[in-house]
Amino acid sequence: EVAVVDGLYRIRVPRVSLQADRQAERQVEGHLTAFVRACAMVESHLSDVITLTTDVSGYLIGVSIVTLPGACRGSEVEDEVDLEAFNTTLSVMAPITAPGPETALFIERMNMELEKKVKNPQEQKSFFAKYVS
């Protein structure tokens, strides 16, 4: 019925932590919502992909829903048996932590350059002092 009038299929997910040890820490702070055209859900035979996106601490910050095909083509769905059960794929996207800077190697290089300057005081002269004499 909703697909006939070009309505929307909406999902609503509570904003919670996906980490089991943090679920009781923070109360629910609203909901996340995503939608897709209802005719796309019907034409995909209720096949959809829901993606939950979390922040670095595991709390939900986004939700999306897509169907394949993603657009309504106006094709008739003959068999209503296909519309009895959802075929949903759920994926969770968490941020990837970038590698930290190699500070120990940098400090080691700086110390080696300092030792070279101490051993060879002539290297400490300015550019003009080195070549103008």
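What follows draws every value from the coordinates through simple rules; no lab data is involved. This is a predicted model, so every value here is computed, not measured.
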Response to the item:
Computed ³J(HN,Hα) along region 5-15: with the Karplus parameters 6.51/-1.76/1.60, θ = phi - 60°, integer Hz and x for glycine or proline, the list is 9, 6, x, 10, 9, 10, 10, 9, 10, x, 7
Worksheet item: If you stretched the chain out fully between residue 97 and residue 120, how much longer would it get, using 0.36 nm times the residue separation minus the C-alpha to C-alpha distance?
Response: 4.0 nm
